[in-house]
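Before any comments, here is the structure.
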Amino acid sequence: MLTKLAIVAFLVVIIYNLGAGLYFMMTDKGKTDRTMKALTRRIALSVALILLVMLGIYTGVIRPHDLGH
């Protein structure tokens, strides 16, 4: 249950950073680098989430269901 909560928390923060990037892009009009920083954080969090899910599957904490059987 804790792993699902962590994954959902990561996704919420990723979506927040995506929205922040959109907001900064519309309001700053290219005068600051806040858009770039928000989107860079989003990419870093997405990569971290993918790596954590892969680590969870490798260690057995996360058990994906097998659709083939």
* Structure fact -> Residue pairs within 7 Å by beta carbon, gap of at least six or interchain, first lying in segment 1-17 and touching a residue at least 24 places away in the same chain (Cβ under 8 Å), second outside any helix (DSSP H, G or I), listed first then second, are Thr3/Val61; Thr3/Ile62
* So which of Arg41, Arg63 is of a type in the set (D, E, K, R) and part of a loop (DSSP other than H, G, I, E, B)? -> Arg63
* Taking the options Gly56, Gly21, Gly60, Gly68, name whichever one is modelled with pLDDT under 95, out of contact with any Gly (no Cβ under 9 Å at 6 or more places or on another chain) and at positive phi. => Gly60
* To do: Mind listing whichever residues of segment 23-42 are of a type in the set (A, V, I, L, M) and surrounded by 13 or more Cβ atoms within 10 Å (Cβ to Cβ)?
  => Met25, Ala38, Leu39
* Limited to segment 24-66, what total is found for residues that are farther than 18 Å from Leu2 by Cβ, of a type in the set (Gly, Ala, Ser) and out of contact with any Phe, Trp or Tyr (no Cβ under 8 Å at 6 or more places or on another chain)? -> 3
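The values are calculated or read from the model by the stated rules, or taken from the named source; none is laboratory data. These figures come from a predicted structure and were not determined experimentally. No Cβ is skipped: glycine too gets one built from the backbone with ideal geometry, and neighbour counts run over all protein chains shown.
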